[in-house]
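The values are calculated or read from the model by the stated rules, or taken from the named source; none is laboratory data. None of the values given here were measured: they were computed from a predicted structure. Methodologically, a virtual Cβ is constructed for each residue, glycine included, from the backbone with ideal geometry; neighbour enumeration extends over all protein chains shown.
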Amino acid sequence: MDECGLLNVFECGTLPLEVWVSDGLRWLVDNYRPFFQALKWPVDLVLRNFEWALGSVPPTLMLVIFALLAWQIAGVRLMLAVAASLLFVGFLGVWAQTMTTLSVVFTSLVLCLILGIPLGIAAARSDRFYNIARPILDGMQTIPAFVYLVPIVMLFGIGNVPGVIVTIVFALPPVIRLTNLGIRQVPTDVVEAMLAFGASDRQLLWKAQLPLAMPSIMAGINQTLMMSLSMVVIASMIAVGGLGQMVLRGIGRLDMGIATVGGLGIVLLAIVLDRLTQSIAESSRTRRGASWRQRGPIGLILRWTGSRRP
Amino acid sequence: MPITTIECRSVWKIFGDRANEALAAIRSRGVGKGEVFEEFECVVGVHDVSFEVAEGEIFCIMGLSGSGKSTLIRHVNRLIDPTDGEVLVEGVVVNTLAPEELRELRSRKIGMVFQNMALLPHRSVRDNVALGLELRGVDKVTRIGVAESTLERVGLGGWGERFPDELSGGMKQRVGLARALAADPHILLMDEPFSALDPLIRRELQSEFMTLASQMHKTTLFITHDLDEAIRIGHRIAVMKDGALVQIGTPEDIVTNPRDAYVADFVAGISRLNLVTAHKIMESPQSYAARHGAVDEAAWPRALPDDSLNRLVDLSVGSRHPILVVSEEKVVGVVTSQSLLRGIQGNRSDGAAATAI
């Protein structure tokens, strides 16, 4: 029964979506490739700066900087954890790969924030915008990355920069969602009080909505960072270097050793970055306690220099 | 003639997409609340409200929750736009102000206090109080100085460094009050400011507020669901029901002459001791003489027409005789202990009184 008829309407013809998409993409590539190439420029700029900063500092010094940063942000315990993780990664012999992965992840994070926070604010202000954005965000998070890997390669090429773009597609939604949520959760009476005392829209945003939404926004940043890290292996399929590349090579050669080393590096990075951003979120929630000038290494230096000067 | 500071001219607020149709229907066909909801899916928040508040006056709007009083007060600083009618503040129509002018009005002329305080949790008490000045662009040194002295005024000197979540409810509302007073506005809008506080603290804040308001000569629109509070604080009271003002009058007016059963129900439990005065319950000397013949009044206690029932009770307890009400050396009335007791009870018809006896 494979003739066109009432009982088998699907034999009567199919929707040539495949062809349309392929043709559409080819048309886009033929006509607009320069435009997409130009889009690479800001990504490339940020990425190169991170690569330069993370790559040119000697590993030992870099390790000390990260540890001090962790101390400042989250205290002595996290400093020890960070130092231990980085030492371990270094002695696994994958320091350079770790730095490459870090620069890709940081670049995606920075660009996600630059794009995501304003979009989140816009979504919080306009129900219409949010209703349009929601299915798109759902799509970005659920479409398998392999689906958009192809068009991105055709439009942007391969390498670290398209890798960042792939990562952004996947990691952008949480920061938009949680910025939107945080601003919408600001109590209406606070908003009303701000307006009653003559606040403009801008003042309302900067003096009440953003500060009160901060814990939620930080949670979004944390999520975005974690999702960026989870894209590392997939992005390595379009020639992004770093730890993901090692895992991919391990799969290709059935080399469990190299995959384990790369995977372990990713896991350690994820844990460290997660704890760091969470502790920033925590301090934005509680706000009280010592200010950053009284804490960590900076506090120590200030106290030290302060006590010498009477 | 006192100067009018706030004036509402037949203000309507109807919530819903088809508010204008609903308003037209109410006006032309006089449809009721239920029908408006059925037909237009609109809710009437404020129903043709007009009133004036004189300079320096404390005007209470009293009503149960859902009566539209919070909606009404938000029309004064245009947190809510009316469906129809206009609001004037110091002679200026608020509804047509440009955004810039509206912000100016809000930050300079009107201070607002909210039921749940609505302090900014991420700012210190001092920065909360300085908010209005900060939004207006006043420099930091000035606004911190003003904030400190305003905190001093509401009895919170030295608390500036603390954060709102370290304060008790009563103290938070003091901060709320200080925030409203800091910009030295002419007008205070108080949206059930003391309703969320426990009774002792509430009384304390009420008296402090009254002192402050008379010292600083603020015109106040005060929302409450508590008639006792309205009577204590208000120079005049407006009773609100289903979005409309049922009666406007002085506390004594409202208590002794409730316009309808709704208001009467409200005032039924109110103690009249300090509200009702002698001239409301006295009978004329002639009618007293007609019943009792000539009597020697020399030993009778004397009171003024404006003396409260409370004072008359004191006089009555100290004497076996009725009380003479004297105005400018002339006897204008007599209050017997029976009429005093009835006066304390409230308006009962003589018929009801007779059957009770």
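Inside region A:169-190, can you point out the residues that are assigned to a helix (DSSP H, G or I) and either within 11 Å of another protein chain (Cβ to nearest Cβ) or out of contact with any helix residue (DSSP H, G or I) (no Cβ under 7 Å at 6 or more places or on another chain) (or both)? So that I can check it myself, show each step before the final result.
Pass one, region A:169-190, residues assigned to a helix (DSSP H, G or I): A:169-184, A:188-190.
Hits for region A:169-190 are A:T188, A:D189, A:V190.
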For region B:138-159, check the following and say yes or no: at least one residue is of a type in the set (G, A, S), assigned to a helix (DSSP H, G or I), away from every other protein chain (no Cβ under 14 Å) and under 25 Å from the mean Cα position of the chain (by Cα).
no
Somewhere in region A:191-213, is a residue out of contact with any strand residue (DSSP E or B) (no Cβ under 8 Å at 6 or more places or on another chain), away from every other protein chain (no Cβ under 14 Å) and not charged (D, E, K, R)?
no
Given the criterion within 16 Å of A:V57 (Cα to Cα) and among the small types (G, A, S), identify the matching residue among A:S103, A:S85.
A:S103
Please list, ordered by residue number, the helices (runs of 4 or more DSSP H) wholly in region B:263-322 having 1 or more residues that are hydroxyl-bearing (S, T, Y).
B:285-292, B:309-317
Might you check whether a residue that is more than 14 Å from chain A (Cβ to nearest Cβ) and touching a residue at least 24 places away in the same chain (Cβ under 8 Å) occurs anywhere in region B:99-108?
no
Just to be sure, is A:V166 more than 13 Å from chain B (Cβ to nearest Cβ) and either crowded, with 20+ Cβ neighbours inside 10 Å or under 18 Å from B:M117 (Cβ atoms) (or both)?
yes
Could you list, ordered by first residue, the pairs with Cβ atoms under 9 Å in which the first is in region B:127-145 and surrounded by fewer than 12 Cβ atoms within 10 Å (Cβ to Cβ) and the second is assigned to a loop (DSSP other than H, G, I, E, B), at least 6 apart or interchain?
B:K140/B:A130
Checklist (1) more than 16 Å from B:F222 (Cα to Cα); (2) facing chain A (nearest Cβ under 10 Å) applied to B:E41, failing item:
(2)
Answer yes or no as to whether B:F222 is touching a helix residue (DSSP H, G or I) at 6+ places or on another chain (Cβ under 9 Å), assigned to a helix (DSSP H, G or I) and at pLDDT 90 or above.
no
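Condition check ((1) out of contact with any Gly (no Cβ under 6 Å at 6 or more places or on another chain); (2) in the same structural domain as B:G249 (by TED's automatic domain parsing); (3) outside any loop (DSSP other than H, G, I, E, B)) across all residues:
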{"site": "B:D17", "(1), (2), (3)": "yes, no, no"}
{"site": "B:E21", "(1), (2), (3)": "yes, no, yes"}
{"site": "B:E35", "(1), (2), (3)": "yes, no, yes"}
{"site": "B:V46", "(1), (2), (3)": "no, no, yes"}
{"site": "B:S50", "(1), (2), (3)": "yes, no, yes"}
Residues that are within 20 Å of A:L178 (Cα to Cα) and either more than 19 Å from the chain's Cα centre (by Cα) or among the polar types (S, T, N, Q) (or both), drawn from region A:220-278
A:N222, A:Q223, A:T224, A:S228, A:S230, A:T277, A:Q278
Screening B:V129, B:V93 for residues that are more than 14 Å from chain A (Cβ to nearest Cβ) and not small (G, A, S) leaves only B:V93
Scanning for something closer than 25 Å to A:G55 by Cα, touching an Asp or Glu at 6+ places or on another chain (Cβ under 8 Å) and more than 14 Å from chain B (Cβ to nearest Cβ), does region A:281-303 turn up at least one residue?
no
